[in-house]
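Beneath this line is the structure, given in structure tokens, with notes to follow.
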Amino acid sequence: MSLEVASVRFAYRRNPVLEGVDLRVAEGGFCALLGPNGSGKSTLTKIIARVLAPAAGTVSFAGRDLLATPRREHARVVSYVPQSGATPFEQTVREAVLLGRTPHIGLRPTRRDREIVDASIERLGLAELSDRPMSQLSGGQAQRVLIARALAQQPRVLLLDEPTSALDLRYQIETLQIVRSVTREEGVTALIAIHDLNHAAHFCDQAVLLDGGRVVADGPPAEAFDEALLSRVYGLDVRVSRGAAGVEVRPAALEPTPLRAGTAPKESA
Amino acid sequence: MLWAGTVLTVLVTAWCVTAGTTDAGLLDVGRAIRLRVFGGVLDQDFAQTYSVIINLRLPRVLLAFVAGAALSLAGVVMQGLLRNPLVSPFTLGVSPAAAFGAALAILLTGGSAGSGSWLVIGSALGAALAVSALVLGLASAKAMSAATLLLLGIALTQLFEAMTAALQFVADENTLQAIVRWTFGSVNDAGWSDVGVVGACVVAALPLLLWFSRDLNAIAFAGDDAAKSLGVNVTAVRVGLIVVSVVLAAVVVSFCGVIGFVGLVGPHIARLAIGADHRYLLPFSFLTGGLLLVVADTVGRTVLAPSVIPVGIVVAFIGAPVFINLILTRRAAQ
């Protein structure tokens, strides 16, 4: 039982984005998809979410070919949290989360659907906002609504496309905690495209580093984060330190520099 | 709410049947319909009222209702699918294209093909489908913004109005008169067969659209990408529903001519009344669009009675300020 991506290739017109990606996430695992802008993180999440169709390769979960199953059935297994965008029409938070039941309901949502919706609203701490129109929410709140929607879909695989980029520090951490608890408590497999290497290292079991459409590192964060590799991939000199709190990545430019008389700028108090 | 809306619609529609130069109360309308449906003896002193109600007022009011309902449904579907509250059959250039198609058919047959003939309907439908394929093809190929799409619609509207004008320029007297009929929409000369065809289309379309309201919600609120991940076959649903809405608009145009603004304003009134969830918005737009056109037509035939102002003109007087207001408030919101 695992999510498996094998030799996936994708190109936007003539520009190759993914050039044969293989990865495997164990069931209940929380995997971070890392890499610089344009490395193909978003594209890979969209392919697994069936938003984009790959030129070649397979995606399967628990041995089942996810690219060949009917869309509606696929949507009962895999849910996707896009980066939040504006909606042209007014909708309350509860209605927005109810959209997550789309692959499960017929014409009308049942009482059970509404209970599931209320539970995921509660889980994301949105209960007080549930009758608020979406247009009145902050960017961070709107992003949490999208996560609640994805949870209301009751997926086995949860995909998140940079869900924390619009959030402040507190909600970044809370969001990652929620996703991790979903993987721990419900055995949901989660794959998150994320920029912050340290958050990934702290919350995720597995880190997959993409560069130029290929996987260049895959493993537990402590093993996958290699100073030379990260420096090359990001084009920036970084230091990786392994301490009691786990692995930590810092740009070398932010390392405390040894004082050299007369040349080092004084830090302001 | 939906039931209250339905009851209100029936009452207002019935009241509109009573309005006009020949005196007829609600009771007379009821009596005439009873006679028509169940048969019975027609009194001499009621014969004229009966004839006015059954042969003139009722088909006219009902045609206005189903035409308005069809345009409003077409508008709400287009707005949802394109995620743009400013589009409608008129602003996308679909209705003007249909009018051109109708005018072309009339000209080529030398004015012998009248309103509701299959040739005119087919030609209107063909032109409407062609232009919507063009607009939507360009919109998806170039990943257009809402504003660009509207500008494209305006350009096409201008183009087709100019082409219709060119046809009028070369047409002879009889043909010209028949074509001009299409350029301002009206329900004058409405007959039961017109009501039957337009009514059948809209009555068939409503349950079909309702069946897809869940998918429409996903596309309208979540966007294409998220709708796909919610299990909606976005491309197929979009093409299918656009075809349905274009057919609705084109059929109305081929019977009643170009009636603008209903497809835009009807959905907005409905959205204000009941919210944006398409499961309720679709039937409510059906009611508001129908009601709007019935009221506009009643105004048109009573304010300057015995002269009758075509309903397309009356609706434009109501619709233009509403549309301007929509654009201005939308700008302010961005």
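The values are calculated or read from the model by the stated rules, or taken from the named source; none is laboratory data. In this text the structure is predicted, and so the values were computed from the model without any measurement. Every residue, glycine among them, receives a Cβ derived from its backbone with ideal geometry; neighbour counts consider all protein chains shown.
Pick from A:Leu107, A:Leu67: which is more than 10 Å from chain B (Cβ to nearest Cβ), assigned to a loop (DSSP other than H, G, I, E, B) and either free of Cβ contacts under 8 Å to residues at least 40 places away in the same chain or over 30 Å from A:Asn15 (Cα atoms) (or both)? Spell out the reasoning first.
Details: A:Leu107 fails: more than 10 Å from chain B (Cβ to nearest Cβ).
The unique qualifying residue is A:Leu67.
Within segment B:237-252, can one find any residue that is without any contact (Cβ under 8 Å) to a residue 12 or more places away in the chain and not charged (D, E, K, R)? Let's see the steps before the verdict.
If we filter segment B:237-252 for residues that are without any contact (Cβ under 8 Å) to a residue 12 or more places away in the chain, which is where we start, we get B:239.
Now narrow it down to the ones that are not charged (D, E, K, R): B:239.
Yes, that holds for at least one residue.
For segment A:44-64, give me the residue count where each residue is in a helix (DSSP H, G or I) and more than 10 Å from chain B (Cβ to nearest Cβ).
Total satisfying the criteria: 2.
For the list (1) more than 14 Å from chain A (Cβ to nearest Cβ); (2) surrounded by fewer than 24 Cβ atoms within 10 Å (Cβ to Cβ); (3) among the charged types (D, E, K, R), I need the number of the one condition that B:Asp297 fails.
(2)
Keeping to segment A:123-132, report how many residues are surrounded by 17 or more Cβ atoms within 10 Å (Cβ to Cβ) and not small (Gly, Ala, Ser).
Summing the residues that are surrounded by 17 or more Cβ atoms within 10 Å (Cβ to Cβ) and not small (Gly, Ala, Ser) in segment A:123-132 gives 4.
Regarding segment B:181-191, can at least one residue be identified that is at pLDDT 85 or above and either farther than 30 Å from A:Arg76 by Cβ or in a helix (DSSP H, G or I) (or both)?
No, because not a single residue in segment B:181-191 is at pLDDT 85 or above and either farther than 30 Å from A:Arg76 by Cβ or in a helix (DSSP H, G or I) (or both).
Among the residues of segment A:71-83, is any under 19 Å from B:Asp215 (Cβ atoms), facing another protein chain (nearest Cβ under 10 Å), polar (S, T, N, Q) and touching a strand residue (DSSP E or B) at 6+ places or on another chain (Cβ under 9 Å)?
Yes, there is a match, as at least one residue in segment A:71-83 is under 19 Å from B:Asp215 (Cβ atoms), facing another protein chain (nearest Cβ under 10 Å), polar (S, T, N, Q) and touching a strand residue (DSSP E or B) at 6+ places or on another chain (Cβ under 9 Å).
Taking interchain pairs and intrachain pairs at least six residues apart, which have beta carbon atoms under 6 angstrom, with the first residue in segment B:277-300 and more than 14 Å from B:Pro207 (Cα to Cα) and the second outside any helix (DSSP H, G or I) and among the small types (Gly, Ala, Ser)?
Going by the 6 Å Cβ cut-off, the qualifying pairs are B:Thr298/B:Ala19.
Could we say that A:Glu95 is surrounded by 15 or more Cβ atoms within 10 Å (Cβ to Cβ), within 14 Å of another protein chain (Cβ to nearest Cβ) and farther than 29 Å from A:Val216 by Cβ here?
Considered against the rule, which asks whether it is surrounded by 15 or more Cβ atoms within 10 Å (Cβ to Cβ), within 14 Å of another protein chain (Cβ to nearest Cβ) and farther than 29 Å from A:Val216 by Cβ, A:Glu95 comes out as yes.
State whether one or more residues within segment B:59-74 are surrounded by 19 or more Cβ atoms within 10 Å (Cβ to Cβ) and more than 20 Å from B:Gly196 (Cβ to Cβ).
Just the residues of segment B:59-74 that are surrounded by 19 or more Cβ atoms within 10 Å (Cβ to Cβ), to begin with: B:59-74.
With the extra rule that they be more than 20 Å from B:Gly196 (Cβ to Cβ), the set shrinks to none.
No, segment B:59-74 contains no residue that is surrounded by 19 or more Cβ atoms within 10 Å (Cβ to Cβ) and more than 20 Å from B:Gly196 (Cβ to Cβ).
From B:Asp45, B:Asp28, B:Asp23, grab the single residue that is at pLDDT below 80 and part of a helix (DSSP H, G or I). Break it down stepwise before answering.
Working: B:Asp28 fails: at pLDDT below 80; B:Asp23 fails: part of a helix (DSSP H, G or I).
So the residue among B:Asp45, B:Asp28, B:Asp23 that is at pLDDT below 80 and part of a helix (DSSP H, G or I) is B:Asp45.
If you scan segment B:184-215, which residues turn out to be more than 24 Å from A:Ala53 (Cβ to Cβ), within 14 Å of chain A (Cβ to nearest Cβ) and of a type outside the set (Gly, Ala, Ser)?
B:Leu206, B:Pro207, B:Leu208, B:Leu209, B:Leu210, B:Trp211
Picking from A:Phe30, A:Phe89, which residue would you name as being modelled with pLDDT under 90 and among the hydrophobic types (A, V, I, L, M, F, W, C)?
The conditions single out A:Phe89.
For every residue, the table says whether it meets (1) away from chain A (no Cβ under 14 Å); (2) farther than 27 Å from B:Pro310 by Cβ.
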position: B:Asn217; (1), (2): no, yes
position: B:Leu230; (1), (2): no, yes
position: B:Val239; (1), (2): yes, yes
position: B:Val247; (1), (2): yes, no
position: B:Ala250; (1), (2): yes, no
position: B:Ala273; (1), (2): no, yes
position: B:Arg279; (1), (2): no, yes
position: B:Pro283; (1), (2): no, yes
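Go through (1) in contact (Cβ under 8 Å) with a residue 12 or more places away in the chain; (2) within 25 Å of A:Ala152 (Cβ to Cβ); (3) not small (Gly, Ala, Ser) one by one and return the number of the condition A:Glu185 breaks.
The failed condition is (1).
Which condition number in (1) more than 13 Å from chain B (Cβ to nearest Cβ); (2) over 22 Å from the mean Cα position of the chain (by Cα); (3) buried (at least 19 other Cβ atoms within 10 Å of the Cβ) is the one that A:Ser120 fails?
So the condition that A:Ser120 fails would be (2).
Filter segment B:272-302 for residues that are hydroxyl-bearing (Ser, Thr, Tyr) and closer than 18 Å to B:Ala320 by Cα and give the result.
The initial filter retains those residues of segment B:272-302 that are hydroxyl-bearing (Ser, Thr, Tyr), namely B:280, B:285, B:288, B:298, B:302.
Passing the criteria: only B:Thr288.
I'd like the full set of residues that are more than 23 Å from B:Val251 (Cα to Cα) and either modelled with pLDDT of 80 or more or in a loop (DSSP other than H, G, I, E, B) (or both), limited to segment B:126-147.
Initial filter on segment B:126-147 (more than 23 Å from B:Val251 (Cα to Cα)): B:138-147.
Within segment B:126-147, B:Lys142, B:Ala143, B:Met144, B:Ser145 meet the criteria.
List the number of the failed condition for B:Asp224; all other conditions in (1) more than 14 Å from every other protein chain (Cβ to nearest Cβ); (2) modelled with pLDDT under 90; (3) in contact with a helix residue (DSSP H, G or I) (Cβ under 6 Å, 6 or more places away or on another chain) hold.
So the condition that B:Asp224 fails would be (1).
Among the residues of segment B:204-231, write down those that are closer than 15 Å to B:Arg83 by Cβ, within 21 Å of the chain's Cα centre (by Cα) and surrounded by fewer than 24 Cβ atoms within 10 Å (Cβ to Cβ).
Selection gives nothing.
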